[in-house]
Amino acid sequence: MKCCKKKKAVENRIVYANNLEMNAKFPKNKVTNSKYTILTFLPKNLIEQFSRFMNIYFLMIACLQLWNEITPVNPATTWGPLIIIILLAAIKEGIDDLNRHKADKIANSREYQVIRNGDEVEIKSKDICVGDIVIVEQDEEVPCDLVLLSSNKEDGSCYIQTANLDGETDLKLRIALEETLHLKKPSVCEDFKGVVECAPPNEEIYKFDSRLKMDVDDNKYLSLSVKQLLPQGTLIKNTRFIYGLSVYTGKETKLGRNKRKTPTKWTKLDKSINKTTMFIFSMQFLLFVIFGIVGDVWKSKRGENYEYLDYQTDDEPGYQPIIIPLRFMLLMSLMIPISLKVTLDICKYIYALFINWDLEMWDDKNKIAAKASNTAIIEDLGQIEYIFSDKTGTLTENQMVFKKCSISNTIYGHSTKRASAYEDADLLSAIDNQDENAVNFFRILALCNTVVPIKAKEDQIEYQSSSPDEEALVIAAQKLGFVLQARTGDIVEFAYNDIVERYEVVKVLAFTSERKKMSVLLRNEDTKELILLIKGADDVMIPIMVEGQDFKESIDHLEVFAQCGLRTLCCGYRRVTEEECKDFLETYNMANEVIEKREEALQGVYHMVENNITLSGVTAIEDRLQEEVPDTIKILREAGIKFWMLTGDKYSTAVQIAKFCNLIPPNGKILTVRGSEDKEVGDSIADLLKQIENQKDDDFYVVIEGSSLKIALNYHKHSFLDLSLKASSVICCRTTPQQKSQVVKLVKRIGAMTLAIGDGGNDVAMIQEAHVGIGISGREGLQAARAADFSISRFKFLKRLMLVHGRYAYYRTSFLAQYSFYKSIYFCSIQVLYAFWSGYSGVSFFNSLSVMTYNAIFTSLPIFFFLLDKDVSEESVYLNPHLYQDSQKGIFYNRRTLFWWLMRALYQGVILLGFTVGIYQHYHHHADGSPAGYEFISMSPFTIVIFVQTLTMATETRHFTFWNHFIIWGIMVFYYIITVLFNLVSTSEIYYLVFRTFADPVHWFALLLISTLSIAPVLFTKYYMFNYSPKRSDLIRFREAKYRSQGLSINIVDADQKMFGNKILYSYSSTDFNNKNIFSPFVDCFGKRNFNELNKKDSISQFISKNTLQDVNKVEKETLISSDHPVIDKNGEIELNEMNNN
C-alpha cells in the first residue's frame, strides 16, 4: 500500500519590528561562504577527494601494496604520487577557502548603527538581527535586506546602486511608504511595532511581494513591493541616510540566495577520456585475471622445479591462490595514469590564464579583459557546432540613438536629405508651432518611463536609467525641447517652451519581458486630469488600440523603420476618469496585497486601463552593430558553425539585422513559420519541409516569431527541429527568456555542441543551458557575464576565443590525454610481458625507484610544455577557418587515434623487452668479468624507455620554442644526473650500478638499436600519412614552413580580399578532402597544370621536387599565382579575374 504525502505549504515570513524575542527563530546576519573550519578541513576534504572513483581505486592499490607478500614493488611507488596529488588538491582547496574566510571576516566586521532600546547602538554586521531598524549612510553597503522606512529626504526617497547584485551601475530609485516617513528618530523608531509579512527567502532580486501592518493589532495592510526593498550588497547613493527594517539576513538575503555553485559541466573530451579510462580498466581487470590464473597453474605444475622461487606447495595458506592475481593487479595498476586528472586540471588552469592574459581580447576603451570563469570546459570552445546569440547588446552596441519617428501618420527623418528626425524641418516646425500631436508624442517619450533626472554641473541634466531605450527616448525629447526636469517622490516635472507641467505619478505599470509594454498613470497637478501614457511593442499595442482610429500609415512607417534595422515602439495614451481610476486603484491594491503570485494577479488588473489606446506615434531607435560583427559571423560560419539569433525584436527588424550581420545573405531564401494555432503552425512546418525536399542544394533561412515558437516547442518539436537543423541560420524573434532556453535545450537533444552568448539578465537561462555560456560585459550589467563560463566585452572576441583558444585547447588536451595513456600502457606492457620470462610470478621488471620516478618526474614535466605547441599558426587559423572543423569533428581524439597510440605502446613494449632479453642473455658479463645481474638488466632498458619517451615528445611537437627544446632534451640530462646521484647512495637499489651500466658498450648498442626500432616505424608512418593522406593542418603547416624558409611572412587578411598588390591569394576547396584529392593545393604553387595529369603515385615531396619554385617563374604571367600568404579558402576555386596585368 503506497503512502502519499502532501507537499507541505511554505509559510510566509512574519517579521516583528523591534522584537528580538519574536524574531529569534531567524538567523543572524553572519555571512559564511567558506566550506571548512580548522577542525573540519582535513576530514571533509579527504571525504570529498575520496568520493571520486579514481582516488578510491589508487587508494585501494596503495593499501594492497602494504602487503609484502603480494607487492611487486615498493609501496612508495603508489603512496608517493597519491599523497602528492591529494596534498596538491588539498592545498588548492585550502587557499581558496582561506580567501573566502578573509572575505567573510571583512563583510561581518563592518559596523552599522541600529536602534536598540531607543538609542543608536553601533554593532558589527554579523550581529544584526531580523526586525532590527538599521541606519545606513551614503556610500555605505546595505548589510542585509531592508524595507525602506524613511530617508533624510521629505518624500522618503533614496537611490541605490545594484552593481554588486546584478552588475548594473545605473542608479535606481526607492521610495518609502507615506505611513513610515515619520520614522527618522531613535525614540520614534523604538515605538514602532509594525509587522511585515513577506515571502520565504528567495532569489528573485526584482520581486518583493509583501505587506506591512503599522501595528500588531492593526487590520489594515499596506502593500510593499521591490520599490521599498534595499537588497544586501547595494550601495546608498545621493542620500545622506536611510532607516530600514531588516527582513532577510545572512544566507537568506536575495544576494545570499543567488550565491549558487556554478552548474557542473563536463566537456565532450572529458567524457571521451572517461570512456577510455573505463575501457582500460576493463582490459586491465581481464588481463590480471587471465595472468593470475595462468600463474597459479604454472606454479602448481612447474613451481616445484624451481627451488629458488621458494613456492610453498604443502600446507600453504588458504589465501595463496589470490596472491599471484593480486600481484598482477598491482603490476597493471600503472595502466591508468594516476596523475591524469591533476595534469589535465593544471593544463586547463593554464589555458584559462592564456585567455585572461590575452591582450588581443583586451577592450582598451572599457578597460575590460576576457575572463575564463569555468576552467573545466575550455576544450569545448573548440568543438562548437551551434551558436545561439542574443541581438541587443551582443551583436549591437546597446547604445540607443533616436533616429526617426512617425507622428499621426506623418513620417519624420526618413528621406535622402533628412537622415535623422533632429534634422527634419517639418518636425521642428511642428514643435515650434506647438502642434498638439507632436507635443503629446514627446510628452509620452519624456514621461512614460522610470528614468531618474540628476542635476549635473552648470545646471545640466543627466539621466540615469536601467533601460538604454528609455534613456534614448528621454534624451531625444530633451534635445527637441521637451525636458524631464525632476522626479521627486511621486511628482515629476516636465517642461517645454517655458511651460512647466507637474504630474503626480499615480501608478507605474512596469515593463516585463512577457508584457512587452509599460505605462504610467499620471494626474496633472494643475488641471487634476488623469491620463495614461503607454509604449510597447507593436504586436501587443495594436490589439488594445481604440476602434475606428486610422493608423494604417503609421504601421506602414513602422515596417519601413524595421526594414532599416531600427528598433521600434508604439506610443499612445488614453484619458482616464476619476471613477475609472478609483475602481482601478481599489482592484490594483487588492491584487497588490497578494503575496503569492502577485504578478499574475496584477496582469488581470492592468487591462482595466490599458485599453482603448489612442496611437500617438511610432519611434525608431538605432542600435549600431558592434565593429567586426559581420566579419566575425562570416568567419565562424566558414568554420562550420551554424548561427541562431534569438531576439525580442519584431520580425522585420530581426531579419534586417540578420542581413546586416551576414546571418542571411541579401538575396537569401527566407522560410517563415507562421500560425497562431496548433494546426496552423504544424501545417506551416510541414509545407516548408516539403518545399525544401525539392530544392536540396539551396541554402535557406528559417524565421519564426515568439507566438508561433511557443506552439512549435509544445506540439511540433521534432518537425520544427528537423526544419531548423537543415537551415543555414535560424532567427527567432519576439522570444521570451524561457523560450531562448527551450530552443537551446531542443538542439542539445541531438547531441550537438552548443554555445550561447548574451549580455543581459534575460539571457542567463539560455547561457546556463548551453554547453558553453559566453557573457558580454555590457550596458545591461554583469548578470550574464557572472552566470557565464566565459566573459568578453565585444562580440568580435568570440572569433579568437573559439578559433584560437578553443581549438588549441582541444588539440593540446587530446594529445596530453592520449600520451598519458600511451606512456602508462607502454611501461606497463613491459612489466606484464616480463611474466613470460618470470614464471608468471607477477614480479616487476623495473626496480621501485624507476617505477616511482617514471610517471612522477621523467615523463610528466615535458607534458606541461606541450601547452605551448601549435599545429598551425594563429594567422593560418584565421585565414583558414574551416580548420576548426577538425576539432569540431573530433579528429584529434577518437577511437582511431586512440587505437594507434595503444598499438604504438604495445609494439614498443614488445620491441624493448624482446631485444633486451635477446641482447642480455644469462651469460652476459660486464667488462670486469662479473656477471650482469637482474638490477643491471632492468636499469639499461629503463634508460631506453626514457630516451624513447624523449624522442616521442620531440616527434609529436609541431611548434618548438626555447622552453620545449630545453625541457624535452634537458629531461635526458636531468635523468642522467638523478641516476648518478642515486648511484652514489649506498642504500639505493642502484648503488654503483649506473657506472657499470654506462661503461658497458652493449648498453649503448642496445640504446641505439632499440630506440631506432621503436621510433623508426612511427616516423615512417608519419611520413606516409603526411604525403598520401594529410590532414588539413599538415598541408597548411607545410606551406608555413616553405614560406618561412623563403623569408616570407604569414599575415592575417580579410577573407574577402584576394589581392595583395599584384599578388593573388591562392586557395582550394575543402571538398577536395572529401574527394581524397590531396594534390589540389599544390597546383596553385606551380602554375597552370591539370590535376588529372598528375601521377597519383607521386608523393607530395616527389611532386614538389619535379616542380621546383624556379618553374613558377616560367609560367605565363596571366596564370602565375605566387603569394606571400598561405591561404586555403573554403569557398572554392581560384579567382583569376582580379589578376593585375603586371
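Only one of the numbered conditions (1) under 30 Å from Tyr810 (Cα atoms); (2) in contact with a Leu (Cβ under 7 Å, 6 or more places away or on another chain); (3) modelled with pLDDT under 90 is violated by Leu867, and that is (2).
Does the range 457-480 contain any residue that is farther than 22 Å from Tyr573 by Cβ, charged (D, E, K, R), crowded, with 19+ Cβ neighbours inside 10 Å and modelled with pLDDT under 90? No, every residue in the range 457-480 fails to be farther than 22 Å from Tyr573 by Cβ, charged (D, E, K, R), crowded, with 19+ Cβ neighbours inside 10 Å and modelled with pLDDT under 90. When the range 97-109 is limited to residues that are closer than 30 Å to Gly131 by Cα and touching a residue at least 40 places away in the same chain (Cβ under 8 Å), the one that is farthest from the chain's Cα centre (by Cα) turns out to be Asn108. Only one of the numbered conditions (1) of a type in the set (A, V, I, L, M); (2) in contact with a helix residue (DSSP H, G or I) (Cβ under 9 Å, 6 or more places away or on another chain); (3) assigned to a helix (DSSP H, G or I) is not met by Met903, and that is (2).
Restricting Lys237, Lys259, Lys275, Lys227 to residues that are basic (Lys, Arg), within 30 Å of Lys341 (Cα to Cα), open to solvent by 20 Å² or more (accessible area, probe 1.4 Å) and at pLDDT 85 or above narrows the list to Lys275. Scanning the range 51-67 for residues that are open to solvent by less than 80 Å² (accessible area, probe 1.4 Å) and in a helix (DSSP H, G or I) returns Met54, Asn55, Tyr57, Phe58, Leu59, Ile61, Ala62, Cys63, Leu64.
Beta carbons closer than 6 Å, at least 6 apart along the sequence or on distinct chains, pair a first residue in the range 613-629 that is touching a residue at least 40 places away in the same chain (Cβ under 8 Å) with a second that is acidic (Asp, Glu) and assigned to a strand (DSSP E or B) for Arg624/Glu397; Gln626/Glu397. Within the range 196-211, does at least one residue satisfy the condition of being in contact with a Phe, Trp or Tyr (Cβ under 7 Å, 6 or more places away or on another chain), farther than 14 Å from Gly244 by Cβ and either assigned to a strand (DSSP E or B) or without any contact (Cβ under 8 Å) to a residue 12 or more places away in the chain (or both)? Yes, that holds for at least one residue.
Would you call Ala620 modelled with pLDDT of 90 or more and either open to solvent by less than 20 Å² (accessible area, probe 1.4 Å) or on the phi < 0 side of the Ramachandran plot (or both)? It is true that Ala620 is modelled with pLDDT of 90 or more and either open to solvent by less than 20 Å² (accessible area, probe 1.4 Å) or on the phi < 0 side of the Ramachandran plot (or both). When the range 599-617 is filtered for residues that are open to solvent by less than 20 Å² (accessible area, probe 1.4 Å) and touching a Lys or Arg at 6+ places or on another chain (Cβ under 8 Å), the ones remaining, listed by number, are Tyr606, Val609, Glu610, Ile613.
For the range 719-817, please list each of the helices (runs of 4 or more DSSP H) lying entirely inside it that holds at least 2 residues being open to solvent by 10 Å² or more (accessible area, probe 1.4 Å) and farther than 14 Å from Phe388 by Cα.
783-787, 797-800
Taken together, Gly303, Gly250, Gly244 contain a single residue that is at pLDDT below 85 and of a type outside the set (A, V, I, L, M, F, W, C), which is Gly303. Taking the condition touching a Leu at 6+ places or on another chain (Cβ under 9 Å), open to solvent by 20 Å² or more (accessible area, probe 1.4 Å), not in a loop (DSSP other than H, G, I, E, B) and not β-branched (Val, Ile, Thr), does Glu504 pass? Criteria met by Glu504.
One residue is enough: does the range 563-584 have a residue meeting the conditions open to solvent by less than 50 Å² (accessible area, probe 1.4 Å), in contact with a Gly (Cβ under 6 Å, 6 or more places away or on another chain), at pLDDT 90 or above and under 25 Å from Asn398 (Cα atoms)? Yes, the conditions are met somewhere in the range 563-584. Applying the criterion of being among the hydrophobic types (A, V, I, L, M, F, W, C) and open to solvent by 40 Å² or more (accessible area, probe 1.4 Å) to the residues of the range 585-598, the residue that is nearest to Val226 (Cα to Cα) is Val594. Evaluated against (1) open to solvent by less than 60 Å² (accessible area, probe 1.4 Å); (2) closer than 30 Å to Ser157 by Cα; (3) part of a strand (DSSP E or B); (4) in contact with a helix residue (DSSP H, G or I) (Cβ under 9 Å, 6 or more places away or on another chain), Ile454 falls short on exactly one condition, (4).
Which of the residues belonging to the range 68-96 are in a loop (DSSP other than H, G, I, E, B), surrounded by 14 or more Cβ atoms within 10 Å (Cβ to Cβ), touching a residue at least 60 places away in the same chain (Cβ under 8 Å) and not β-branched (Val, Ile, Thr)? Working first, answer last.
Kept after step one, since they are in a loop (DSSP other than H, G, I, E, B), are these residues of the range 68-96: 68-75.
Adding the requirement that they be surrounded by 14 or more Cβ atoms within 10 Å (Cβ to Cβ) leaves 70-75.
Remaining after also requiring touching a residue at least 60 places away in the same chain (Cβ under 8 Å): 70-74.
Answer for the range 68-96, where residues must be in a loop (DSSP other than H, G, I, E, B), surrounded by 14 or more Cβ atoms within 10 Å (Cβ to Cβ), touching a residue at least 60 places away in the same chain (Cβ under 8 Å) and not β-branched (Val, Ile, Thr): Pro72, Asn74.
Out of curiosity, is Tyr878 open to solvent by less than 40 Å² (accessible area, probe 1.4 Å) and either closer than 12 Å to Tyr811 by Cα or not in a helix (DSSP H, G or I) (or both)?
Working: open to solvent by less than 40 Å² (accessible area, probe 1.4 Å): yes; either closer than 12 Å to Tyr811 by Cα or not in a helix (DSSP H, G or I) (or both): no.
For Tyr878, the condition - open to solvent by less than 40 Å² (accessible area, probe 1.4 Å) and either closer than 12 Å to Tyr811 by Cα or not in a helix (DSSP H, G or I) (or both) - is not met.
Looking across the range 395-406, the residues that are modelled with pLDDT of 85 or more and open to solvent by less than 10 Å² (accessible area, probe 1.4 Å) come down to Leu395, Phe402, Cys405, Ser406.
Would you mention how many residues in the range 317-338 are within 14 Å of Ile70 (Cβ to Cβ), in a loop (DSSP other than H, G, I, E, B) and either touching a strand residue (DSSP E or B) at 6+ places or on another chain (Cβ under 9 Å) or at pLDDT 65 or above (or both)? Spell out how you get there, then give the answer.
Here is the first cut: in the range 317-338, the residues within 14 Å of Ile70 (Cβ to Cβ) are 317, 319-333.
Checking the rest, the ones that are also in a loop (DSSP other than H, G, I, E, B) come to 317, 319.
If we keep only those that are either touching a strand residue (DSSP E or B) at 6+ places or on another chain (Cβ under 9 Å) or at pLDDT 65 or above (or both) too, we end up with 319.
Result for the range 317-338: 1.
Go through the range 768-783 and give me each residue that's at pLDDT below 90 and either over 15 Å from the mean Cα position of the chain (by Cα) or hydrophobic (A, V, I, L, M, F, W, C) (or both). Across the range 768-783, the qualifying residues are Ile776, Gly778, Arg779, Glu780, Gly781, Leu782.
Considering only residues that are among the polar types (S, T, N, Q) and buried (at least 17 other Cβ atoms within 10 Å of the Cβ), which ones fall in the range 176-210? Before you say what the answer is, go through the steps one by one.
Kept after step one, since they are among the polar types (S, T, N, Q), are these residues of the range 176-210: 180, 187, 202, 210.
Thr180, Ser210 - these are the residues of the range 176-210 that are among the polar types (S, T, N, Q) and buried (at least 17 other Cβ atoms within 10 Å of the Cβ).
Scanning the range 110-131 turns up no residue that is among the acidic types (Asp, Glu), at positive phi, open to solvent by 60 Å² or more (accessible area, probe 1.4 Å) and in contact (Cβ under 8 Å) with a residue 40 or more places away in the chain. In the range 349-394, the qualifying residues are those that are part of a loop (DSSP other than H, G, I, E, B), open to solvent by less than 10 Å² (accessible area, probe 1.4 Å) and among the polar types (S, T, N, Q), and the one that is modelled with the lowest pLDDT is Thr394. List the helices (runs of 4 or more DSSP H) that sit entirely inside the range 547-662 and contain at least 1 residues that are more than 30 Å from Leu222 (Cα to Cα) and basic (Lys, Arg). So the answer is 552-563, 629-638, 651-660.
Run down Leu269, Leu255 and say which single residue is over 19 Å from Tyr893 (Cβ atoms), in a helix (DSSP H, G or I) and within 26 Å of the chain's Cα centre (by Cα). Let's see the steps before the verdict.
On the way: Leu269 fails: over 19 Å from Tyr893 (Cβ atoms).
Answer to the selection: Leu255.
Considering each residue of the range 160-171 in turn, none proves to be closer than 22 Å to Val188 by Cβ and either in contact with a Pro (Cβ under 9 Å, 6 or more places away or on another chain) or assigned to a strand (DSSP E or B) (or both).
The values are calculated or read from the model by the stated rules, or taken from the named source; none is laboratory data. Being a predicted model, the structure only gives us computed values, none of them experimental. Note that we place each Cβ from the backbone using ideal geometry, even for glycine, and neighbour counts take in every protein chain shown. We work out accessible area using only protein heavy atoms, side chains counted, and drop any ligands, DNA or RNA first. Shrake-Rupley method; radii C 1.70, N 1.55, O 1.52, S 1.80 Å.
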